[in-house]
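One structure below.
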Amino acid sequence: MKHEKTQNPANASKSHPRVQGEGDYEAARHYRKDVEEFVESGKVDEAMRNAAPRNDEEARQMEKAEKAGKARSKGEDPALRKGADTKH
């Protein structure tokens with residue numbers, strides 16, 4: 001999943017403005033393209049199997065890391081719940 005090297009923002013012309021941070025449109029396009037290619041490659045199940053813990057110790061470490069991440073979370077997005085009303 002190679003991408004062409006992007007131009008240094010300091011040298012970018014005004015005809016190609018770059019929005020950085022959460023609005024980096026070029027990065028979003030590359031990410032979306034890479035995800036679509038990965039899904040279409042048929043390797044999702046293989047990646048899922050490879051991501052599974054290989055033993056009990058690794059499973060405990062993964063669970064500990066998940067809990068640490070959730071401790072800093074603001075909670076689940078209600079829109080992600082099955083059957084949630086997504087109308088605003």
query: Just wondering, is there one or more residues in region 18-27 that are of a type in the set (Ser, Thr, Tyr) and at pLDDT below 95?
result: yes
field: So Ala12, is it modelled with pLDDT under 95, small (Gly, Ala, Ser) and over 17 Å from the mean Cα position of the chain (by Cα)
entry: yes
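The values are calculated or read from the model by the stated rules, or taken from the named source; none is laboratory data. All of these numbers come straight from a predicted model, not from anything done at the bench.
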